[in-house]
1. Can you say whether residue 209 is near the ligand (Cβ under 7 Å from one of its atoms) and aliphatic (A, V, I, L, M), as far as the supplied structure shows?
2. Determine whether region 169-185 contains at least one residue that is surrounded by fewer than 22 Cβ atoms within 10 Å (Cβ to Cβ), in contact (Cβ under 8 Å) with a residue 60 or more places away in the chain and part of a helix (DSSP H, G or I).
3. Hey, can you tell me all the residues within region 54-75 that are among the small types (Gly, Ala, Ser) and buried (at least 16 other Cβ atoms within 10 Å of the Cβ)?
4. Could you please let me know if residue 130 is free of Cβ contacts under 8 Å to residues at least 12 places away in the same chain, open to solvent by 20 Å² or more (accessible area, probe 1.4 Å) and over 13 Å from residue 68 (Cα atoms)?
5. Using the structure shown, decide if residue 251 is charged (D, E, K, R) and touching a strand residue (DSSP E or B) at 6+ places or on another chain (Cβ under 6 Å).
6. So, in region 36-53, of the ones that are away from the ligand (no atom under 11 Å from the Cβ) and surrounded by fewer than 20 Cβ atoms within 10 Å (Cβ to Cβ), which residue ends up farthest from residue 90 (Cα to Cα)?
7. Of everything in region 87-97, what is closer than 14 Å to residue 109 by Cα and out of contact with any His (no Cβ under 9 Å at 6 or more places or on another chain)? Give them in sequence order.
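The values are calculated or read from the model by the stated rules, or taken from the named source; none is laboratory data. Keep in mind it's a predicted model, so treat the numbers as computed, not measured. For neighbour counting, all protein chains shown are included, and Cβ atoms are generated from backbone atoms with ideal geometry for every residue, glycine included. The accessibility values were calculated without ligands, DNA or RNA, using every heavy atom of the protein model including side chains. Shrake-Rupley method; radii C 1.70, N 1.55, O 1.52, S 1.80 Å.
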Amino acid sequence: MPSRGAIVMTTIIPKDHPRYESLIIRERLVDGFKAGIVCEEGLIAHGRGEAFDYLLGERTIEPAMTATRVAVAAMLAAKHPVISVNGNSAALVPDELVRLSEKIGAPLEVNLFHRTEDRVDKIIHHLETHGAKNVLGKKAEARIPGISHERAKVCKEGIYSADVVLVPLEDGDRCEALVNMNKKVIAIDLNPLSRTAQTASVTIVDNVARAIPNMIKLVDEMKTLPESELGHMRTSYDNKAMLEEVIRRIKML
Ligand code: ATP
């Protein structure tokens, strides 16, 4: 019997399938859905992401890698970085989220657009079975100003007081509201045209399943760089220009 919130892979994908990685990602989400971690809307959101991933060639393109480097430079310089975790990212990269959190010293906060206490509990438990300690999000006593309903809820010592927030798969309104709170918001979003992608401070147009492992590798490579170099990476970066470059590459297909 699977434990509460545990994901069990139920379908075997042949390794020689040309789109093996994409099918594995799809299965992880379906299994996450069966375990109560991913919600119905999360499956729909994934469909949109898959379409853009197809247009990007299902690989990390160079402008996305540039944004990933800038994101790591921002997280390394942050006083209080926080990693927001939703159902899809918890289902796709639980081990990697835990590792990134430990390497950067950034707590994980379960923060759900479609929040139910049951799903928050299941995701926290799921992350704990992957080695996470002190996952935030159960207590969500603060609110993001300008956002109504349950989706405004955040943890006071987590996202609410963070200076840099990494938000894999965020909704456009919340992303904008976090930017309006003067936070540096790093979004991971396969759609370069989404409001999230357009309003974030740094947008990584890549699949969460590739972007988080890339960030882990870059932390190791970049943590010994002098602050002057990291600072230059951050200040010389132009998110709008990077998004235009991604769109140009998609049009060239
Ligand atoms: P917005 O509110 O920002 O305009 P939206 O309403 O299109 O966005 P949502 O449904 O809130 O989007 O979130 C889904 C977003 O997540 C989509 O932009 C989709 O491309 C992206 N997405 C889905 N799966 C992944 C993934 N595995 N990695 C990265 N991005 C993803």
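1. Values: near the ligand (Cβ under 7 Å from one of its atoms): yes; aliphatic (A, V, I, L, M): yes.
For residue 209, the condition - near the ligand (Cβ under 7 Å from one of its atoms) and aliphatic (A, V, I, L, M) - is met.
2. The answer is no, given that none of the residues of region 169-185 is surrounded by fewer than 22 Cβ atoms within 10 Å (Cβ to Cβ), in contact (Cβ under 8 Å) with a residue 60 or more places away in the chain and part of a helix (DSSP H, G or I).
3. Narrowing region 54-75 to residues among the small types (Gly, Ala, Ser): 57, 64, 67, 71, 73-74.
64, 67, 71, 73, 74 - these are the residues of region 54-75 that are among the small types (Gly, Ala, Ser) and buried (at least 16 other Cβ atoms within 10 Å of the Cβ).
4. Details: free of Cβ contacts under 8 Å to residues at least 12 places away in the same chain: no; open to solvent by 20 Å² or more (accessible area, probe 1.4 Å): yes; over 13 Å from residue 68 (Cα atoms): yes.
No: the conditions fail for residue 130.
5. Details: charged (D, E, K, R): yes; touching a strand residue (DSSP E or B) at 6+ places or on another chain (Cβ under 6 Å): no.
Answer is no for this residue.
6. Going through the qualifying residues, I end up with 40.
7. 89
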